[in-house]
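**Student:** Let me begin by handing over the structure; questions about it come next.
The values are calculated or read from the model by the stated rules, or taken from the named source; none is laboratory data. Keep in mind that what you see is a predicted model, and the values were worked out from it rather than measured. A quick note on method: Cβ atoms are made from the backbone with ideal geometry, for glycine too, and the neighbour counts reach across all protein chains shown. Note: accessible area is taken over every heavy atom of the protein model, side chains too, but ligands, DNA and RNA are not part of it. Shrake-Rupley method; radii C 1.70, N 1.55, O 1.52, S 1.80 Å.
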Amino acid sequence: MGLFDFAKDMGKKLFDSEDDASDKIKQTLESDNPGIEGLDVSFDNGKVSLSGKAASAEAMEKAVLMAGNVQGVTDVDVSGLEAPSADAGVVYYVVQSGDSLSKIAKAYLGDAMAYPTIFEANREVIKDADLIYPGQKIRIPGGTAPAA
């Protein structure tokens with residue numbers, strides 16, 4: 001697990017120039033600390049690099065999504081982040097136009113009413129279950145890709 005890609009023009013606007021991007025992203029991660037000790041953040045031309053020690057695979061996944069769902073970020077590199085092995089039962093999904101958490105839950109978890117599972121797994125990037133946006137990347141724990 002090393003590099004994750006994101007939509008550059010989507011997400012929360014945190015910074016106006018690359019000069020303060022690293023600090024702003026680090027402040028955001030630390031304010032909703034997903035479980036990263038000794039966090040260091042660098043930003044270069046759309047790429048965020050994270051280093052430190054994650055308490056769990058879930059903490060690392062949440063940090064990736066928090067950093068990646070920021071406007072201006074195209075990639076998140078976690079090669080400098082120590083973390084336990086990633087959870088094989090997690091599916092990453094990019095929100096599409098017309099999606100809702102219940103629609104995503106129906107497709108990936110088999111039950112539209114299981115949307116709170118997705119909401120809780122993404123609390124750091126989804127503050128309101130009714131407010132998701134196209135291009136946002138989320139994690140679906142226990143999810144399986146829907147049949148084509």
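**Student:** I'd like the full set of residues that are modelled with pLDDT of 90 or more, more than 12 Å from the chain's Cα centre (by Cα) and either more than 27 Å from THR74 (Cβ to Cβ) or surrounded by 16 or more Cβ atoms within 10 Å (Cβ to Cβ) (or both), limited to the stretch 130-148.
**Tutor:** Residues satisfying the conditions are ASP130, ILE132.
**Student:** So how many residues does the stretch 1-14 have that are assigned to a loop (DSSP other than H, G, I, E, B) and out of contact with any Ser or Thr (no Cβ under 9 Å at 6 or more places or on another chain)? Break it down into steps so the answer makes sense when it comes.
**Tutor:** Applying the first criterion (assigned to a loop (DSSP other than H, G, I, E, B)) to the stretch 1-14 yields 1-2, 6-11, 13-14.
Narrowing further to those that are out of contact with any Ser or Thr (no Cβ under 9 Å at 6 or more places or on another chain): 9-11, 13.
Residues meeting the conditions: 4.
**Student:** Within the stretch 51-88, work out how many residues are of a type in the set (Ser, Thr, Tyr) and closer than 18 Å to GLU124 by Cα.
**Tutor:** 1
**Student:** Count, please, the residues in the stretch 21-53 that happen to be surrounded by 14 or more Cβ atoms within 10 Å (Cβ to Cβ) and either among the acidic types (Asp, Glu) or part of a helix (DSSP H, G or I) (or both).
**Tutor:** Of the residues in the stretch 21-53, 7 are surrounded by 14 or more Cβ atoms within 10 Å (Cβ to Cβ) and either among the acidic types (Asp, Glu) or part of a helix (DSSP H, G or I) (or both).
**Student:** Quick one: in the stretch 83-113, of everything that is at pLDDT 90 or above and among the acidic types (Asp, Glu), which residue is farthest from ALA7 (Cα to Cα)?
**Tutor:** ASP111
**Student:** Among the numbered criteria (1) assigned to a helix (DSSP H, G or I); (2) touching a helix residue (DSSP H, G or I) at 6+ places or on another chain (Cβ under 6 Å), which single criterion is violated by ALA129?
**Tutor:** (1) is the only condition that ALA129 fails.
**Student:** Here's another thing I want to ask about it. Considering each residue of the stretch 1-20, count those that are closer than 22 Å to ILE132 by Cβ and either at pLDDT below 90 or open to solvent by 100 Å² or more (accessible area, probe 1.4 Å) (or both), and give that number.
**Tutor:** So the answer is 10.
**Student:** Any chance the stretch 60-80 includes a residue that's touching a helix residue (DSSP H, G or I) at 6+ places or on another chain (Cβ under 6 Å) and either assigned to a loop (DSSP other than H, G, I, E, B) or surrounded by fewer than 18 Cβ atoms within 10 Å (Cβ to Cβ) (or both)?
**Tutor:** No.
**Student:** Being farther than 17 Å from ASP5 by Cβ, loosely packed, with under 14 Cβ neighbours inside 10 Å and out of contact with any Ser or Thr (no Cβ under 9 Å at 6 or more places or on another chain) is the requirement here; does PRO116 meet it? Quick ask: steps written out before the conclusion?
**Tutor:** Numbers: farther than 17 Å from ASP5 by Cβ: yes; loosely packed, with under 14 Cβ neighbours inside 10 Å: yes; out of contact with any Ser or Thr (no Cβ under 9 Å at 6 or more places or on another chain): yes.
The answer is yes for PRO116.
**Student:** Kindly provide the set of residues from the stretch 124-148 that are free of Cβ contacts under 8 Å to residues at least 60 places away in the same chain and among the charged types (D, E, K, R), ordered by number.
**Tutor:** Correct list: LYS127, ASP128, ASP130.
**Student:** Filter the stretch 84-123 for residues that are assigned to a loop (DSSP other than H, G, I, E, B), without any contact (Cβ under 8 Å) to a residue 60 or more places away in the chain and of a type in the set (A, V, I, L, M) and give the result.
**Tutor:** ALA88, VAL95
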